[in-house]
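S.K.: I'd like to ask you about the structure that follows.
Please treat every number below as a calculation from the coordinates, not as lab data. These numbers come from a predicted model, not from an experiment. Cβ placement follows ideal geometry from the backbone for every residue including glycine, while neighbour counts extend to all protein chains displayed.
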Amino acid sequence: MAAVLGAMLVSAALVLASSWSPRPDCFDRAAFEKVVAKLPPPPIELDAYDSVDTPDKIGSCRILSSFGVKGGYIFYDDDSSGFDDSGWGYFPNGPDGDLGNGSWEGPQFEQIEGPWYNWTASW
């Protein structure tokens, strides 16, 4: 009985972790676009992971850190869950499927609207 209960708890935790994404209710496109407009052009290198200076809060989203990556920017949600990172991304030409590097592994993207995406990455 304990083994079955343990398996159920692990399965439930995996389902919750895989479906976790940044709080979509805090995303304010206009607020994020004001921040992006002040940033330098995004890097073009595949393994780019360049820290960029952004506010700790964009709209009502709390930002842990922000980076320029190939073709865009990523913003880490300050409320990311323990084993997975998540946040928002700006990619005018869409995210490149090869964006993962040693610091940002296997990112998965879900388009919010236009060049804006939610992303999650596991390590």
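S.K.: Using the per-residue mean of other Cβ atoms lying within 10 Å as a proxy for protection, in what order, highest first, do the peptides 50-58, 114-122 fall?
M.R.: Values: 50-58: 13.9, 114-122: 18.7.
Result, highest mean Cβ count within 10 Å first: 114-122, 50-58.
S.K.: Separate question: When you count, for each residue, the other Cβ atoms within 10 Å and take the mean per peptide, how do 83-93, 37-47 rank with the highest first? Working shown, then result.
M.R.: On the way: 83-93: 19.3, 37-47: 11.9.
Highest mean packing first, the order is 83-93, 37-47.
S.K.: In segment 58-92, which residues have a backbone nitrogen under 20 Å from the label point lying 7 Å from D47's Cα in the Cα-to-Cβ direction?
M.R.: 67-74
S.K.: Which far-off residues, 5 or more places away or on another chain, put their amide H under 5 Å from the one on S65, with H placed in the peptide plane?
M.R.: Distant-sequence amide H within range of S65: Y76.
S.K.: How far apart, in nm, are the 7 Å Cα→Cβ label points at Q111 and C26?
M.R.: 2.6
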